[in-house]
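Engineer: Below: one structure in structure tokens.
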Amino acid sequence: MSKPRLFIFDDRRARRWAPFTLTRPVGELLFGCLTLRERAEYVFGTRCEGHITRSALRGFDEPGGAPSVAFEGIGTEGVRILLSSRCAPELKTLKIPEAPVRLNVAGQPAGWIIPDGEPLPSELWVRDPSAAAGQSDILDLEGTVLGRPWDLVAENPGQVTRDVQALWPEKSDHVPGLLQTGDKQLSIGNNVQVEPGVYVDTRKGPVRLEDGVCVEGPARLTGPLFVGASTHILGGHIGSSSIGPVSVVRGEVSDSVFLGCMNKAHDGYIGCSMLGKWVNLGALTTNSDLKNNYQPVRIWTPEGAADTGMLKIGCFLGDHVKTGIGTIFGTGTLVGAGSNLFGGIMPPSVVPPFSWGSGPDLQDYRWPDFLNTAVQVVARRQQALTPGVRRILLEAWNKATTGRPAE
């Protein structure tokens, strides 16, 4: 039997996870120690052939990820698995059933397994799996179904803990010069460099340093913490977070998720936040994650302002956001992809994509200027801005800047 064909789909709710889904499928977001796509690949034992998502993301071809595909192009050949991108099944390998089944995760409709030759479910059901016609056979998976983007932040520490226990259950040998307290796992990959003066606290959760990570002292790493491959920690206090690969991080980071390929090379506090890829934070960039009146934080969504019900929420920065020295974000700030903010004046709580300016004085970031910077930033990580990603960014820029008041 050939390997099943895995596809990750963004349902109607996932497609509106601002600011991230303007430029990438939800399956390419980091949660715990893996992206949501990588998690599905582990569970079903096969590579993801593609993301079923917004038409504006057609052509997505980010290196290391899965491409976006047209729903109608999947066809009827082979066993096909369709899983909602908002689902994070626990890391347990699964035997694929031969009969058609409906997938549930944490008791909620989450997709389908479709045998060779049988038709796909309605595309309308992909937009809303809960509306699909019932089937006699249901396969229940343990895990989490994420409702809103801030769930990726709030539930990340617990997910890191479970992932480390599943993927790297054995503790690593003692590293000379590293001080540790706590009895949870300290897991260290290959070619990891840890300087003297690094303190690791695993009392509240495990710490995983992936291959090629470098940690300079003085630094304190507090679990649950995941640091992705080839990331460079330049010192500071990094705790209870997921830091994606090929990043540079310094200062104070708490309860946050960084997708990767980002630069925070200076002091400043980022807490209870989520940052997209290719973000560059100027020195002392800092966010608030608690309102002065200790009330639940409200965040802008495409459907309007939403009450998170949470007291601590920081900022959400889309891909390719840049900040100047001394930038300060208020509690619950959302910054659209491609924005360049500077001047040391607090920007508004909602910054439209591809904005340029200081404080509330925001203009459109000119496309040639944005593109020139993006190309250089990506090249600094020995990568290239692929044709598909470039087209997606241009389409997003056109949509974001159309209809804005002329300056």
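The values are calculated or read from the model by the stated rules, or taken from the named source; none is laboratory data. Since this is a predicted model, take the numbers as computed values, not measurements. Using ideal geometry, Cβ is built from the backbone for each residue, glycine included, and neighbour counts are taken over all protein chains shown.
Engineer: Residues that are farther than 23 Å from Gly64 by Cβ: list the strands (runs of 3 or more DSSP E) wholly contained in the stretch 222-286 that include at least 2 such residues. Talk me through it step by step, then tell me what you get.
Structural biologist: Details: elements: 225-227, 232-239, 248-254, 269-271.
Fully inside the stretch 222-286 and qualifying: 232-239, 248-254, 269-271.
Engineer: Please go through the stretch 260-309 and pick out each residue that is among the aliphatic types (A, V, I, L, M) and crowded, with 19+ Cβ neighbours inside 10 Å. Steps first, answer last, please.
Structural biologist: Filtering the stretch 260-309 down to residues among the aliphatic types (A, V, I, L, M) leaves 262, 265, 270, 274-275, 279, 281, 283-284, 290, 297, 299, 305-306.
Within the stretch 260-309, Met262, Ile270, Met274, Leu275, Val279, Leu281, Val297, Ile299 qualify.
Engineer: Which one is farthest from Ser55 (Cα to Cα), of the residues in the stretch 374-389 that are touching a residue at least 24 places away in the same chain (Cβ under 8 Å) and buried (at least 17 other Cβ atoms within 10 Å of the Cβ)?
Structural biologist: Arg381
Engineer: Which one is farthest from Thr76 (Cα to Cα) among residues in the stretch 115-165 that are in contact with a helix residue (DSSP H, G or I) (Cβ under 8 Å, 6 or more places away or on another chain) and part of a helix (DSSP H, G or I)?
Structural biologist: The extreme case among them is Ala131.
Engineer: Shifting gears a bit: Of the residues that sit in the stretch 46-65 and are surrounded by 15 or more Cβ atoms within 10 Å (Cβ to Cβ) and within 19 Å of Leu94 (Cβ to Cβ), which one is farthest from the chain's Cα centre (by Cα)?
Structural biologist: Taking the candidates together, the pick is Thr46.
Engineer: Given Leu139, Leu221, which one is touching a strand residue (DSSP E or B) at 6+ places or on another chain (Cβ under 8 Å) and assigned by TED's automatic domain parsing to the domain that holds Leu275? I'd like the intermediate steps shown before the answer.
Structural biologist: Numbers: Leu139 fails: assigned by TED's automatic domain parsing to the domain that holds Leu275.
Result: Leu221 is the single residue among Leu139, Leu221 that is touching a strand residue (DSSP E or B) at 6+ places or on another chain (Cβ under 8 Å) and assigned by TED's automatic domain parsing to the domain that holds Leu275.
Engineer: Same structure again: Only one of these is closer than 18 Å to Arg15 by Cβ and surrounded by fewer than 21 Cβ atoms within 10 Å (Cβ to Cβ): Ala99, Ala70. Name it.
Structural biologist: Values: Ala99 fails: closer than 18 Å to Arg15 by Cβ.
None of the others qualify; the one that does is Ala70.
Engineer: What number of residues in the stretch 334-361 are out of contact with any helix residue (DSSP H, G or I) (no Cβ under 7 Å at 6 or more places or on another chain) and either under 23 Å from Val375 (Cα atoms) or buried (at least 24 other Cβ atoms within 10 Å of the Cβ) (or both)?
Structural biologist: 10
Engineer: Could you run through the stretch 36-49 and say how many residues are closer than 8 Å to Ile8 by Cβ and assigned to a strand (DSSP E or B)?
Structural biologist: Total meeting the criteria: 1.
Engineer: Same structure again: Does Thr331 count as part of a loop (DSSP other than H, G, I, E, B) and either surrounded by 14 or more Cβ atoms within 10 Å (Cβ to Cβ) or acidic (Asp, Glu) (or both)?
Structural biologist: Values: part of a loop (DSSP other than H, G, I, E, B): yes; either surrounded by 14 or more Cβ atoms within 10 Å (Cβ to Cβ) or acidic (Asp, Glu) (or both): yes.
Taking the combined requirement at face value, the residue satisfies it.
Engineer: To continue, here is another question. State yes or no: is Pro129 surrounded by 18 or more Cβ atoms within 10 Å (Cβ to Cβ), over 29 Å from Leu393 (Cβ atoms) and of a type outside the set (A, V, I, L, M)?
Structural biologist: Numbers: surrounded by 18 or more Cβ atoms within 10 Å (Cβ to Cβ): yes; over 29 Å from Leu393 (Cβ atoms): yes; of a type outside the set (A, V, I, L, M): yes.
The answer is yes for Pro129.
Engineer: Follow-up question, since we're still on this one. Restricting attention to the stretch 80-103, which residues are modelled with pLDDT of 95 or more and either among the polar types (S, T, N, Q) or assigned to a loop (DSSP other than H, G, I, E, B) (or both)?
Structural biologist: Ser84, Ser85, Arg86, Glu90, Leu91, listed by residue number.
Engineer: Further question: In this structure, is Lys204 surrounded by 17 or more Cβ atoms within 10 Å (Cβ to Cβ), in contact with a strand residue (DSSP E or B) (Cβ under 9 Å, 6 or more places away or on another chain) and among the basic types (Lys, Arg)? Before the answer, list the steps.
Structural biologist: Working: surrounded by 17 or more Cβ atoms within 10 Å (Cβ to Cβ): no; in contact with a strand residue (DSSP E or B) (Cβ under 9 Å, 6 or more places away or on another chain): yes; among the basic types (Lys, Arg): yes.
For Lys204, the condition - surrounded by 17 or more Cβ atoms within 10 Å (Cβ to Cβ), in contact with a strand residue (DSSP E or B) (Cβ under 9 Å, 6 or more places away or on another chain) and among the basic types (Lys, Arg) - is not met.
Engineer: Hey, among Gly134, Gly197, Gly212, which residue is of a type outside the set (D, E, K, R), closer than 26 Å to Phe44 by Cβ and free of Cβ contacts under 8 Å to residues at least 40 places away in the same chain?
Structural biologist: On the way: Gly197 fails: closer than 26 Å to Phe44 by Cβ; Gly212 fails: closer than 26 Å to Phe44 by Cβ.
Only one candidate passes the filter, namely Gly134.
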